[in-house]
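The values are calculated or read from the model by the stated rules, or taken from the named source; none is laboratory data. Since the structure is predicted, the reported quantities are computational estimates derived from the model, not experimental observations. Backbone-built Cβ (ideal geometry, glycine too); neighbour counts: all protein chains shown. Heads up: the accessible areas ignore ligands, DNA and RNA and are worked out on the full protein's heavy atoms, side chains in. Shrake-Rupley method; radii C 1.70, N 1.55, O 1.52, S 1.80 Å.
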Amino acid sequence: MIPYGRQSINKSDVDSVISVLKSDYLTQGEVLPRFERAVARYCGANYSVAVNSAPSALHIACLALGLGRGDWLWTSPITFVASSNCGLYCGANIDFVDIDLQSYNLCPKELKNKLQVAKRKGVLPKVLVVVHFSGQPCKMEEVHKLSLQFGFKIIEDASHAIGARYKNFPVGNCKYSDVTVFSFHPVKIITTGEGGMSLTNNVELFNKMKLFRSHGITRDTSQMIGNSDGDWYYQQIQLGFNYRMTEIQAALGLSQMDRLDDFILKRHDIAQRYDKMMLDFPLITPKQDVNSFSSFHLYIIRLDLSKIKKTRKQVFNYLRESGIGVNVHYVPVHLQPYYKSMGFRRGDFPKAESYYMNSISLPLFPDLKESEQDKIIKVLERVLNE
Ligand SMILES: *Cc1c(COP(=O)(O)O)cnc(C)c1O
């Protein structure tokens, strides 16, 4: 089976991990801060906090922003459940903003309308999680302007989008947000096995996120209540978690950073080749906004079901049966049973739901061979024309 996404591991990655395994520290050593600095420098952010997953990064970001019971977190319905679950972890309420059907990202116009209604009702969101879906950055300038007007905080869930650029600046620079979050799961752009990171330019948010990552414990006397008892002393000043990333993971991540730009170029080459070879197919290929340079985490096609004699499910099954590991990203979050039990219903976010009806993610990862891509296109052509 050709997977829809997979990691690319070379000898440098392996050597980097082995050298940590032979060193004194498997966790809480020197490699993790190096990895954090490498990502922050690449993105142009002041501070970064590496953690064991993107959901952990989203959780500590929400906590640092003070999200709690009675507050509202809004996000896009077309995302992985983690983008909204982080609000539930904090006891907040969740709502969604429908997508635009060009980029499949949260739509700034829908956002503005929803904010105006929310303001009249006195229930504005405290936090908006924008998702750079498939690696294509959201219209951050518009969203940022609305955040100033309506007074909410912004977290960028950039799990798909390390290496992407918005208006020529790297995603992660937090120019238009409070915190940006990356995921380093093996299907994402770079990997640490499991892992995530939060970036910010705000030193207070940085210090809070570091506390929440590690039990709420500090050894920094300037953060302590009262005096230190001595050099052994530490204080718990918050209720935190163990969300730490190991040195083994950080070593892999640091090594992967060296190839990030190369990964993105390869992803673009593959995407362009799909575009070109499927020009006459009865489907919509990914549209790119002029202000965005996607990291192409996903290559999503939308079938024109009026022009083919099959359902999406039939096309999907045929591809899977032919050894092509296609996928669907994502089941709209508000239609998950857990969210439906909170009162969401089919019809709540019509554009997200219509997107979901005919989309399929084709395999896309740096090591995808040209011959594999040719096979994918041939099989797709066959099933669409049969
Ligand atoms: C993958 C992903 C996450 C979760 O990241 P993990 O580190 O794999 O748990 C969160 N949000 C989005 C949009 C993702 O794609």
Quick check on the range 265-278. Is at least one of its residues open to solvent by less than 10 Å² (accessible area, probe 1.4 Å), closer than 29 Å to residue 369 by Cβ and of a type in the set (Val, Ile, Thr)? no
Collect the residues in the range 92-106 that are in a loop (DSSP other than H, G, I, E, B) and closer than 17 Å to residue 153 by Cα, keeping them in residue-number order. 92, 97
Restricting the search to the range 107-126, which residues are surrounded by 16 or more Cβ atoms within 10 Å (Cβ to Cβ) and part of a helix (DSSP H, G or I)? 108, 110, 111, 112, 114, 115, 118
Please enumerate the residues belonging to the range 185-216 that are assigned to a loop (DSSP other than H, G, I, E, B) and in contact with a strand residue (DSSP E or B) (Cβ under 6 Å, 6 or more places away or on another chain). 216
Would you say residue 84 is under 20 Å from residue 296 (Cβ atoms), open to solvent by less than 10 Å² (accessible area, probe 1.4 Å), out of contact with any His (no Cβ under 6 Å at 6 or more places or on another chain) and touching a residue at least 24 places away in the same chain (Cβ under 8 Å)? no
Residues that are in contact with a Gly (Cβ under 6 Å, 6 or more places away or on another chain), of a type outside the set (Val, Ile, Thr), away from the ligand (no atom under 16 Å from the Cβ) and closer than 21 Å to residue 32 by Cα: does the range 233-251 have at least one? yes
Being open to solvent by 10 Å² or more (accessible area, probe 1.4 Å), under 24 Å from residue 187 (Cβ atoms) and away from the ligand (no atom under 12 Å from the Cβ) is the filter here; which residues of the range 147-165 pass it? 165
Scan (1) in a helix (DSSP H, G or I); (2) of a type outside the set (S, T, N, Q); (3) buried (at least 24 other Cβ atoms within 10 Å of the Cβ) for the single condition residue 144 breaks and write down its number. (3)
So, first residue closer than 15 Å to residue 163 by Cα in the range 261-289, second residue of a type in the set (Phe, Trp, Tyr) and crowded, with 20+ Cβ neighbours inside 10 Å, Cβ within less than 7 Å, six or more apart or across chains; the pairs are 267/296; 268/296
If you go through the range 293-306 one residue at a time, how many are more than 16 Å from the ligand (Cβ to nearest atom) and under 23 Å from residue 271 (Cα atoms)? 6
Of all residues in the range 279-292 being open to solvent by 30 Å² or more (accessible area, probe 1.4 Å), part of a loop (DSSP other than H, G, I, E, B) and within 27 Å of residue 168 (Cβ to Cβ), which is farthest from the ligand (Cβ to nearest atom)? 290
Just checking, does the range 10-17 include any residue being outside any helix (DSSP H, G or I) and open to solvent by 20 Å² or more (accessible area, probe 1.4 Å)? yes
